[in-house]
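Asker: Below you'll find the structure I mean.
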């Protein structure tokens, strides 16, 4: 009996690899889809290479700081965003902006990606007058806060929490902008107290860290006087105290320069006299027509 049992086990052991090989492969788990497309020049139809591709909300140009090359169109004007690689949920609501020097910003509109999405767009060179004629003053769609933000992180920290839309203005016109930051740290922000008060500062690449910008300022260093605290400080926290887990809504005025074109203002929160905070990479795009 024991010998027979040993023979059966040995037979099954020999046949098992063959049986497994003959079985159909299990279907791979479905991953999140991809967002892809091609960006071309509206005037010539040629591919627009090296255009920064953003995905939001929040909408940020990740190639704008540090050593991160970010996501840009390739030589054929092609881009692809793998939602699975980003651990993002397919079927979400998204919007994209495409930015490149010498071109007017391109906005994709809001869309839902279900198993993959293709967006092919055309960017207009800033030197090209595209009919029809008159300049339409407008403010683009606001960008809603993310569903989840980090919180309770030891120390001083901030997380982007939504912003108003990007404006289109005529030369010299002014517009009010609003951006929210969530205090994701464990230390409160105290208005009027050095080392504890939160500001928004100018950041790179445009105009650069602590640099003046033609889009606003206090009248110093060649900036227009739009009521900023300083030429390189865009706004100060509006409430006397913003505790951990609370949101500060910063508001500031932007002035359109005299020359037509597309201008960008990058900003970053900081505790004055103590430290720069996240979330870096937040920016505004102002189109002057």
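Asker: List the residue pairs whose Cβ atoms are under 6 Å apart, where the first residue sits in the stretch 161-174 and is in contact (Cβ under 8 Å) with a residue 60 or more places away in the chain, the second is outside any loop (DSSP other than H, G, I, E, B) and loosely packed, with under 15 Cβ neighbours inside 10 Å, and the two are 6 or more positions apart or on different chains.
Answerer: What qualifies is 167/139; 168/138.
Asker: Answer yes or no: is there a residue in the stretch 275-286 that is touching a helix residue (DSSP H, G or I) at 6+ places or on another chain (Cβ under 7 Å) and not in a strand (DSSP E or B).
Answerer: Yes, some residue in the stretch 275-286 is touching a helix residue (DSSP H, G or I) at 6+ places or on another chain (Cβ under 7 Å) and not in a strand (DSSP E or B).
Asker: Do we find that residue 148 is under 18 Å from the mean Cα position of the chain (by Cα), free of Cβ contacts under 8 Å to residues at least 40 places away in the same chain, in a loop (DSSP other than H, G, I, E, B) and at negative phi in this structure?
Answerer: Working: under 18 Å from the mean Cα position of the chain (by Cα): yes; free of Cβ contacts under 8 Å to residues at least 40 places away in the same chain: yes; in a loop (DSSP other than H, G, I, E, B): yes; at negative phi: yes.
So residue 148 fits the description; yes.
Asker: Would you confirm whether any residue within the stretch 130-145 is assigned by TED's automatic domain parsing to the domain that holds residue 247, part of a strand (DSSP E or B) and modelled with pLDDT of 95 or more?
Answerer: No - not one qualifying residue is present in the stretch 130-145.
Asker: Hey, does the stretch 236-243 have a residue that's buried (at least 22 other Cβ atoms within 10 Å of the Cβ) and closer than 13 Å to residue 180 by Cα?
Answerer: Filtering the stretch 236-243 down to residues buried (at least 22 other Cβ atoms within 10 Å of the Cβ) leaves 237, 242.
Narrowing further to those that are closer than 13 Å to residue 180 by Cα: 237, 242.
Yes, the stretch 236-243 contains at least one residue that is buried (at least 22 other Cβ atoms within 10 Å of the Cβ) and closer than 13 Å to residue 180 by Cα.
Asker: Here's something else I'd like to know. Please tell me if residue 119 is modelled with pLDDT of 85 or more and surrounded by 12 or more Cβ atoms within 10 Å (Cβ to Cβ). Please lay out each step first, then the result.
Answerer: Working: modelled with pLDDT of 85 or more: yes; surrounded by 12 or more Cβ atoms within 10 Å (Cβ to Cβ): yes.
Yes, satisfied.
Asker: In addition: For the stretch 197-207, how many residues are over 16 Å from residue 250 (Cβ atoms) and at pLDDT 95 or above? It would help to see each step written out before you state the result.
Answerer: Pass one, the stretch 197-207, residues over 16 Å from residue 250 (Cβ atoms): 204-207.
Retained after the next criterion (residues that are at pLDDT 95 or above): 207.
The qualifying residues number 1.
The values are calculated or read from the model by the stated rules, or taken from the named source; none is laboratory data. Fair warning: this is a prediction, and the values are worked out from it, not measured in the lab. A quick note on method: Cβ atoms are made from the backbone with ideal geometry, for glycine too, and the neighbour counts reach across all protein chains shown.
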